[in-house]
Amino acid sequence: MSKETRDANAEGRPSYKDTLNLLQTSFGMRANAVKREPELQSFWSENGIDLKLGLQNSGPIFTLHDGPPYANGPLHMGHALNKVLKDVINKYQILRGRKVRYIPGWDCHGLPIELKVLQSMDQDQRQALTPIKLRKKAAAYARKQVDGQMKGFQRWGIWADWQEPYLTLQKNYEAAQIKVFGEMVLKGHIYRGLKPVHWSPSSQTALAEAELEYPDGHTSPSVYVAFPAVELPAPLRDALSTEGVELPGDADALGKTLQVAIWTTTPWTLPANLAVSVNERLDYALVDDGEGRLLVVAADLIDSLATTLERPLVRKATVKGALLSGLTYRHPLLDRTSPVVIGGEYITTESGTGLVHTAPGHGVDDFHTGQKNGLPVLCPVDEAGTLTDEAGPFAGLNVLKDANPVIIDALETAGALLKQEAYGHRYPYDWRTKKPTIFRATEQWFASVDGFRQQALDAIDRVEWTPASGRNRIEAMVKERGDWCISRQRTWGVPIPVFYNRSGGDVLLNADTLAHIEALIAEHGADVWWEKDEADLLPPAYADQAEQWRKGTDTMDVWFDSGSSWAAVSSQQEGLGYPADLYLEGSDQHRGWFQSSLLTSVAVNGHAPYQRVLTHGFALDEKGRKMSKSLGNVVDPMVIIEGGKNQKQEPAYGADVLRLWVSSVDYSADVPIGAGILRQLADVYRKVRNTSRYLLGNLHDFNPADDTIPVEKLPLLDRWMLQRTAEVMDEITEAFESYEFFRFFQLLQNFCVTDLSNFYLDIAKDRLYVSAPSDRRRRSCQTVMSLIIERLAGLIAPVLCHMAEDIWQNLPYEVEETSIFQRGWPTVPADWRDPSLSEPIQRLRELRAAVNRVLEDCRSRQELGASLEAAVRIETRNPELESALNWLNENGDAEADGLRDWLLVSQLQLGGEPWAELLADQTDDTAIIEVSRARGIKCERCWHYESDVGQHTQHPTLCGRCCNVLNRR
Ligand SMILES: [Zn+2]
């Protein structure tokens, strides 16, 4: 079909469509993000629009110090939430003119990577593996993982110093970490002590949790044992007396009368018993066992114990666990008196007696309870699992072979055995030898938190925690935590740089050795510890003693690695601040990185490494469940961006929709994500995009230099639009300043849909399309649109960075800045602000909404099509509306502020006589609204119904207004 035929109507006259000023823009309706976003990212990197922009800023430094993700595995929604939040903050600060250098980090050491390397090898290869070979493989593996994750982060539009990230395996990082450790040593915060670890007697090594298996069918010889009391604390004696239980004062007599009952599945640990622990909140009963003695057991367990012990148990008295504290008892097999102490919530009434046999050398809970109560760490078991001399008469027995039966016999002989029974339960085995493991205290390195606990608490107090509950969390944890065990019996890590005397006893760890090893690591990396022998690792002054020293084989806890990042990165590198302005991680990091960073920084420098800590929750599915492969509810950020296998079900939304999701959620709690939520977000994204497209598309013939109308000369509606934009800009700025990005999301959506699309731009259509191109009523509207689109692009830039740049690249006129990010954060010109406009226009918007409801009513009855088919009569019944109408009448611009045009109807009558023929009417407190069909004929060009259509010979189907426009062309 030729253009001529298509545009000609039945009478063969030309179509007037071409005389309208229609939308023209290269800014697509669809984002086409899979192709367009990478193009924009290339544009940024080619033009230095990224991190470099932040470095060039002259404002004060803003440091968001990155918490290093673990360099293992594919990226998930948790990474997306974390990194996008950080990027939104950084981009906002860059736009605000702050000097921003964001260095991304990765946590590269530790067991998971060590295991990955081991799992990739067969048995023979593993046998031939030396520590240094393992370390080289682990480093290569970690670097590969870093590369993969980095590509993902970059595709999300994250700006960072990708050329020089920090990795905990870099030599300068490792050296800085050694320095932190060294300073803690020199300040007396590091000591060596015993701590129970999983120990495999069969391979004579400590094992990590990940190296344990729990095979079915393990059975232990469990025993119920009674420990005779020696002395009662006065409050307990008084409490019992009130309940009518009087006990002898003499120790021997007391021990025969009162005994505390415990239960254990490891009788071999009884020689290491140093306490019995109770839960201070539980009720404990003294029960008569029918054999002339009172046993102390948990009150809730009386019945089940009576069955198990096969004897009647008659309650004589009940006391709270707290009262039992301080009771002392005699070890039934050894000449030793020990106390009852308060344990923790791990003591329950699910099994046993509710009183827990406590051997701090052989259990983690036991150890912590021991620490709290000042008990020593007794471990009478050697590396092979043989009881030592400290086990008295049982020395020489093996804990996994003959120790249990001998000890049980001895208990029976001593009259302390209440019951023995086989007990099936989960029990840890060595994954290599398939033999049972034990808990055994070994020499470990600790940071003594007591040495700087108060300083740490003071530092917490000075930090700003968002949400505020974070302060209580970390405060409680730091208050109650024990010393920090920082040594690991692993290979893939930073060495604890200590030398042990080969003849036992002392260790070599001082300023000289620390400085020397730090220098070696700075030069060669931590591998040097494994590559060189003692003679080369010791400082020159100790060279002649090399023979007597053996280098340690422990590495540091990986939390010490990442917890030293303030020392390796933010306090050391140019363009960064220490303490950093902000740390931002998941809320589990109060236990992890926030805390380890705080402890090391406080121990060395006496203050926190951050000024503010922001936490986010975790990504859940739409039903609020954790994501897991087995539930099939895992959302993959890459699938959100690139689409899934079935693009109908999983369309490619692009990185901006992922980023919009991050901005939309209240991240202080756990946040949901799923297909339904993504569809809604894509809808919001499209609305913002289409609003922007409409603004751009109507500026194709607008040249700001020549066509701009000064703000003070703009019609009322235009000035109101600028005033409204100013309000929104203030609120969005406030939302970014307070890190409440969900408010940005709501404000943006409301601004685009309610203020622009449904109101201002809806009314503007006539001015934009129908007027002559250079009419003042059109240029004034274009002036406003141009002012708004340039600011809207800036306001969305931190979140919808790709769309913002795309808008900028499609501005139809010249601007000074190559990129939106060079423009800076949008500011409100002073002459935009005119709050006096808000009140009357709000009244008129409400009137417009009311009229629209009546028109909609007519439309739904199919009595009316477009609103221009309508004539409306309004009679005000409310003084505010009355004065708003008067205000508009007196101040409104003749060409642009006609209420008839604002209502999009062809005729409007204010006041006057009621109409006879109505399509609909409505009366409320504000106004009477009457709607009838518009008089006149529809103008073919502007669709208004006018009485003068048909009176113009040159254009018989047009209204006079349109004729005028055409005659001036
Ligand atoms: Zn017309």
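The values are calculated or read from the model by the stated rules, or taken from the named source; none is laboratory data. Fair warning: this is a prediction, and the values are worked out from it, not measured in the lab. Quick reminder, even Gly has a Cβ in these numbers, built from the backbone with ideal geometry, and neighbours come from all protein chains shown.
Annotations
- Options S628, S663; residue that is of a type in the set (S, T, N, Q), closer than 20 Å to N82 by Cβ and surrounded by fewer than 22 Cβ atoms within 10 Å (Cβ to Cβ): S628
- Among the residues listed as F394, F446, the single one being in contact with a Phe, Trp or Tyr (Cβ under 6 Å, 6 or more places away or on another chain), touching a residue at least 12 places away in the same chain (Cβ under 8 Å) and on the phi < 0 side of the Ramachandran plot: F446
- Out of F744, F751, sole residue that is within 25 Å of A850 (Cβ to Cβ), touching a residue at least 12 places away in the same chain (Cβ under 8 Å) and within 43 Å of the chain's Cα centre (by Cα): F751
- Residue match in the stretch 887-901 (condition: within 16 Å of the ligand (Cβ to nearest atom), in contact with a Lys or Arg (Cβ under 9 Å, 6 or more places away or on another chain) and among the aliphatic types (A, V, I, L, M)): no
- Residues that are among the hydrophobic types (A, V, I, L, M, F, W, C), touching a helix residue (DSSP H, G or I) at 6+ places or on another chain (Cβ under 9 Å) and away from the ligand (no atom under 16 Å from the Cβ), drawn from the stretch 914-969: L919, A920, A927, I929, V931
Every residue, every condition in (1) over 45 Å from the mean Cα position of the chain (by Cα); (2) assigned to a helix (DSSP H, G or I); (3) over 25 Å from S277 (Cβ atoms); (4) polar (S, T, N, Q), yes or no:
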residue: L169; (1), (2), (3), (4): no, no, yes, no
residue: A176; (1), (2), (3), (4): no, yes, yes, no
residue: F181; (1), (2), (3), (4): no, yes, yes, no
residue: P196; (1), (2), (3), (4): no, no, no, no
residue: S203; (1), (2), (3), (4): no, no, yes, yes
residue: V223; (1), (2), (3), (4): yes, no, no, no
residue: A229; (1), (2), (3), (4): yes, no, no, no
residue: D238; (1), (2), (3), (4): yes, yes, no, no
residue: E246; (1), (2), (3), (4): yes, no, yes, no
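- Checklist (1) of a type outside the set (S, T, N, Q); (2) more than 16 Å from the ligand (Cβ to nearest atom); (3) over 17 Å from V770 (Cα atoms); (4) out of contact with any strand residue (DSSP E or B) (no Cβ under 9 Å at 6 or more places or on another chain) applied to L908, failing item: (4)
- Any strands (runs of 3 or more DSSP E) falling wholly within the stretch 320-405 and containing at least 2 residues that are within 40 Å of the chain's Cα centre (by Cα): 337-342, 356-358
- Counting only residues that are part of a loop (DSSP other than H, G, I, E, B) and touching a residue at least 40 places away in the same chain (Cβ under 8 Å), the stretch 709-730 holds 3 of them.
- Flag if A285 is touching a helix residue (DSSP H, G or I) at 6+ places or on another chain (Cβ under 7 Å) and either touching a residue at least 24 places away in the same chain (Cβ under 8 Å) or under 24 Å from A422 (Cβ atoms) (or both): yes
- Close pairs from the stretch 850-862: first of a type outside the set (V, I, T), partner crowded, with 17+ Cβ neighbours inside 10 Å and assigned to a helix (DSSP H, G or I), Cβ under 7 Å, at least 6 apart: L855/S867
Listed here are the residues, each with its yes/no results for (1) among the polar types (S, T, N, Q); (2) modelled with pLDDT under 95; (3) within 16 Å of P840 (Cβ to Cβ).
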position: S883; (1), (2), (3): yes, no, yes
position: N886; (1), (2), (3): yes, no, yes
position: E890; (1), (2), (3): no, no, yes
position: E895; (1), (2), (3): no, yes, no
position: W902; (1), (2), (3): no, no, yes
position: S906; (1), (2), (3): yes, no, no
position: L910; (1), (2), (3): no, no, yes
position: L918; (1), (2), (3): no, yes, no
position: D924; (1), (2), (3): no, yes, no
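- T827 meets each of the listed conditions (1) under 30 Å from D50 (Cβ atoms); (2) over 49 Å from the mean Cα position of the chain (by Cα) apart from (2).
- Listed by position, the strands (runs of 3 or more DSSP E) contained in the stretch 428-507 that have at least 1 residues being touching an Asp or Glu at 6+ places or on another chain (Cβ under 7 Å) are 438-447, 499-501.
- Residue list for the stretch 767-783, restricted to those being within 16 Å of the ligand (Cβ to nearest atom) and of a type in the set (A, V, I, L, M, F, W, C): L768, V770, A772
- Among residues of the stretch 945-959 that are under 22 Å from L908 (Cα atoms) and small (G, A, S), those with a beta-carbon under 9 Å from a residue that is in a strand (DSSP E or B) and within 12 Å of the ligand (Cβ to nearest atom) at least six positions away or on a different chain give the pairs S947/I937; G950/I937.
- Any hit, the stretch 431-449, residues being more than 25 Å from P221 (Cα to Cα) and acidic (D, E): yes
- T308 being surrounded by fewer than 22 Cβ atoms within 10 Å (Cβ to Cβ) and within 21 Å of S222 (Cα to Cα): yes
- Residues of the stretch 604-625 satisfying the condition of being outside any strand (DSSP E or B) and surrounded by fewer than 24 Cβ atoms within 10 Å (Cβ to Cβ): V604, N605, G606, H607, Q611, G617, F618, D621, E622, K623, G624, R625
- Verdict on E817 being part of a helix (DSSP H, G or I) and surrounded by fewer than 16 Cβ atoms within 10 Å (Cβ to Cβ): no
- Test: S630 is part of a loop (DSSP other than H, G, I, E, B) and without any contact (Cβ under 8 Å) to a residue 60 or more places away in the chain: yes
- Among the residues of the stretch 755-766, those identified as buried (at least 17 other Cβ atoms within 10 Å of the Cβ) and away from the ligand (no atom under 16 Å from the Cβ) are D755, L756, F759, Y760, L761, I763, A764.
- Residues of the stretch 59-111 that are of a type in the set (A, V, I, L, M, F, W, C), out of contact with any strand residue (DSSP E or B) (no Cβ under 6 Å at 6 or more places or on another chain) and part of a loop (DSSP other than H, G, I, E, B): L75 alone.
- Verdict on V341 being over 23 Å from P235 (Cα atoms), surrounded by 22 or more Cβ atoms within 10 Å (Cβ to Cβ) and among the aliphatic types (A, V, I, L, M): no
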